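One structure below.
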Amino acid sequence: MSKRFLRISLIFIGSILLFPAQGMAGTPFPLIHEPEGEGVECVEDEDEMRRNHMNYILHQRDKTMHEGIRTETYSLSKCIDCHVQPNDKGEVPTHENKEHFCVACHQYASVQIDCFECHADRPQKFIKRDSKPQALRQQLQEVLAEKDMGDAQ
Amino acid sequence: MSDQINDSRRSFLSKAAIAGSITIAPGVFLHQTAQAKPDDQAVSSKTRWGMLIDTDKCAKGCTGCVDACNNEHSLTGHGRPETDTQYIRKVSLVEKQTGHEISLPLMCQHCENPPCVDVCPTGASFKREDGIVLVDKHICIGCRYCMMACPYKARSFIHEVIENQTLSAPRGKGTVESCTMCTHRVDKDGIPACVEACTEDDHNAMIFGDLNDPNSEISKELKKHGGKQIRADLQLNTGVRYQGL
C-alpha cells in the first residue's frame, strides 16, 4: 500500500516538475529557411537527411576524391545550390552567418563543421570573383621580364 | 585507398592481362581503353593519364598555361612569389656553353612511384588508379613532408584563409595542394585547362592523353620521338614527359 502511494506521489511530483518545461513556448529552435523554387524535394526524406546527411556527404566525398565518381545526387554542392539562397534583403548568407542553412542547425547543436574552410559556402552563381588571378598574371610577367633583363645583361 | 595492391603484383597482373588479350587474336582486345567514363564508374588503372610537353614549341615569355590554371582553380596570390600557390611554373633553362635557352612549364609530374605519397604520414597524398597524384585535403594535416620530398617543388601550402572557391577546386588554409591534372575535367572526358589554353594559343606544346593506350596521340608521339623525364635518375616514372631538353 505504501509502495503504491509512493509511486503515485512520485508520478505526481514528476508531472509538476515536467509541466512547466513542456509548457515553455520559448524553447529555441534553429531558424531554417526552406529552399525555394521548383522541385524542392530533397534527395532523401527530411527525417533521414536530418539524421544522416553527414554520412551521405562523407561517402560521396571519398568516392569523388579517390575514385573520381562524380555523380551529383549526394554532393555537397547540390545541397548548397538548393539550401543557400538570398534572404529578404537579397544577401546570400556566408558560413559565418547564422542565417546560413548549415550554420543555423550546427550552431544550435554546437557541432563544428569544417566543410567551408575549403568548399564554397554559396552557390557559384552568387559568387563574384575579383580579378586576383589577373594580379598573379601581372606579377608573373614582371618576374619573367626581370629575368629576361637579367639574362640580357 | 584501403585496397592498395603492391606494385609487383599489379605489374604481374597487367602483364598477365596483356598476355591474355594477345592470345585471343592479334589486334583484337577484350576491353577498350581511354573511353569516356560514366559518372558513376570509378577510375581504373587501365588508363594512365600523362602529358607530353615539347619545349621547342613552348613560347618564351608566354604564360598561357599558368593563367589558365590560375583561373580554372581560382588561385589567388598575395604578392609573395615564394609562398603563393602555383600549380604550374614557367622555368627557363640556359645552357651556359651555347647560350641556348629553353622555356618549359613545370608542374606535378604525376610519378608512378611518387615520393610525396611515400612520406605522407596520414595517407592524404595518394595516387589515383589512373595515375593522377592528388592531395586529399580532408585528410591533410599540413605537415608539408610531401613538399620536402618532391624533387620538382611541385607542391604549395595554403597560408591564408580562402573564400569564394570554385566548384571544381575546393581549397583551404593549412593544407598542401598541387596540380590535379584537372581531374574534374578529365573525369568528364575533358582535357586539363593548361593543355587547352596552349592549344588555343596555337602553340600546341602540350599533349594530354592515356599513356597506356598505344593508339593515343601521346603514346604515338612518344613512340616516334621519345620524351624525357626530368630527373629520370630517381626512377619515379613520371607521367609528364618533355621533348627538346
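Annotation: cysteines of chain B without a disulfide-compatible partner (Cβ-Cβ under 4.7 angstrom) are B:C58, B:C62, B:C69, B:C111, B:C120, B:C140, B:C143, B:C150, B:C182, B:C198. Is the C-alpha gyration tensor of segment B:43-243 telling us rounded, prolate or oblate? Criteria: a/c under 1.5 is rounded; beyond that, a/b larger than b/c is prolate, otherwise oblate. Rounded is the answer for segment B:43-243, as its axis ratio a/c remains below 1.5.
Largest GNM mean-square fluctuation across B:P151, B:P214, B:P38, computed for chain B with C-alpha springs under 10 Å, falls on B:P38. Counting beta carbons within 10 Å around each of A:V40, A:V92, B:V186 and listing the fewest first gives the order A:V40, A:V92, B:V186. Residue pairs exceeding 25 angstrom between C-alpha atoms, taken from A:K98/A:K128; B:K153/B:K223; B:K46/B:K224; B:K127/B:K228; A:K98/B:K173; A:K63/B:K223: B:K153/B:K223; A:K63/B:K223. Listed by chain and number, the aspartates and glutamates whose C-alpha is less than 18 Å from the C-alpha of B:K57, apart from same-chain residues fewer than 8 away, are B:D67, B:E95, B:E101, B:E196, B:E200, B:D201, B:D202, B:E217, B:E221.
Using the Karplus relation 6.51 cos²θ - 1.76 cosθ + 1.60 with θ = phi - 60°, the per-residue 3J(HN,Hα) values for segment A:107-117 come to 5, 4, 8, 6, 10, 6, 10, 9, 3, 8, 6 Hz, with x marking Gly and Pro.
Positive end of the dipole of chain B (Cβ unit charges, origin at the Cα centre): among B:V240, B:C150, B:G61, the Cα lying farthest that way belongs to B:C150. Based on Cα contacts under 8 Å between residues 6+ apart, chain B shows a relative contact order of 27 percent.
All of the numbers you see were taken from the coordinates with simple rules; none came from a lab. Predicted model only: the values in this text are computed from it and were never measured. Note: ideal-geometry Cβ built from the backbone for every residue, glycine included; neighbour counts use all protein chains shown.
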